[in-house]
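Just below is one structure, and these are the notes that go with it.
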Amino acid sequence: MLLATTWLVALGCTSETLTRPNSVPTVNIADIPDSAWQQLAQRRLFFGHQSVGANLVEGLAEVLQSNPGIALRVVETSDPTQMAEPGLYHAAIGENGAPASKLAAFDSIVSAGVAASGVAMLKFCYVDITGDTDPDALFADYERRIETLRAQHPGLVIVHMTLPLQTDPGTLMYWRTVVRGKNTPWRELNWIRARYNARMRETYEGKEPLFDIAAYEAVAPDGSFTAVRFRGSSVPALAAGNTYDGGHLNEAGRRRIAEAFLVTLAQLPAPTPRE
């Protein structure tokens, strides 16, 4: 998986070039040594998600099938008693639209499952963001829960994840939605997601493991970056070439992002002894 060193940003009638963020590395699977894959295969990981996470896991299965040298066991379960052996455990947790329920479920499963020197990842879904969402408050809730987990389980590694995005239907559709007044336009929802994701990057990028799924989603198959100018800032959007419905990942999108996800996991720091 190769990414361009610069991203072209679609802004309607104008465009600008953005430097590739540090959160989207150019390393690909072929660059990872066998020793790193062997170490990953011996770890216990839990990934809490919903539907876009399920897309990512589908892509993961496809990448693993094409790369038999990566012996990572993937198991769908939310039962901590089934997480004693090495593997990537994953499950749909909480309720969409209720991020607090996801935080609570994540805390419970991780604490009883992989907390002893394991790896834990929680990905909110794009539908967790509504027009009334306060992104700063949501991030503060996430940060508090993570700090509590970290204090209780010093050997636990957290891989932070940004919020996934939706496509931008265009300026005409944006104003039609505004005039109708029934739903929050996707452009505005992406703006709220971008504010949450900015807090995530400011807090963790370069300091702790971060998988920036939002940034990867915005990278089109040709390497260009999809965003719109809104309220004085450049707001990333899910690239049309990565989705089949404007929110979920298609086969090409999920596979490219799954490759990047695997690379991130393979580059995690060595585990510490179990508690």
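The values are calculated or read from the model by the stated rules, or taken from the named source; none is laboratory data. Treat the numbers as computed from the prediction; the structure is a model and nothing was measured. Note: ideal-geometry Cβ built from the backbone for every residue, glycine included; neighbour counts use all protein chains shown. In case anyone asks, the SASA skips ligands and DNA or RNA and just uses the protein heavy atoms, side chains included. Shrake-Rupley method; radii C 1.70, N 1.55, O 1.52, S 1.80 Å.
Of note:
- For the pair residue 58 and residue 71, the difference between a 0.36 nm per residue extended length and the Cα-Cα distance amounts to 3.1 nm.
- DSSP bridge analysis restricted to the chain gives an antiparallel fraction near 40%, rounded to the nearest 5.
- When 229, 150, 254, 193 are compared by accessible surface with a 1.4 Å probe, the order from highest to lowest is 229, 150, 254, 193.
- A 1.4 Å probe, protein heavy atoms only, puts the accessible area of residue 173 near 70 Å².
- Measuring nothing but how far apart in sequence close Cα pairs (under 8 Å, 6+ apart) lie, relative to its length, the chain scores a relative contact order of 25 percent.
- Residues residue 79 and residue 240, FRET efficiency given R0 of 45 Å [Cβ-Cβ distance, rounded to 0.05]: 0.75
- Cα-projected label distance for residue 130 with residue 31, points at 7 Å along beta-carbon direction, nm: 4.2 nm
- Each Cα pair under 8 Å and six or more residues apart adds its separation to the average, and for region 151-264 the resulting relative contact order is 29 percent.
- Taking trypsin sites (Lys or Arg not before Pro) across region 34-106, the ones in a DSSP loop with at most 14 further Cβ atoms lying within 10 angstrom of their Cβ are 73.
- Counting only protein heavy atoms and using a 1.4 Å probe, the accessible area of residue 122 comes to about 10 Å².
- In the context of the full set of protein chains, residues of the chain present 44 Å² of accessible surface per residue (probe radius 1.4 Å, heavy atoms only).
- Taking only protein heavy atoms and a 1.4 Å probe, the accessible area of region 149-218 is 53% carbon and sulfur.
- Among 212, 136, 31, residue whose mean-square fluctuation peaks in a GNM of the chain (springs only between Cα atoms under 10 Å): 31
- Applied to region 219-232, the Karplus parametrisation 6.51 cos²θ - 1.76 cosθ + 1.60 on θ = phi - 60° returns per-residue 3J(HN,Hα) values of 7, 6, x, 8, x, 6, 10, 9, 7, 10, 7, 8, 6, x Hz, with x for Gly and Pro.
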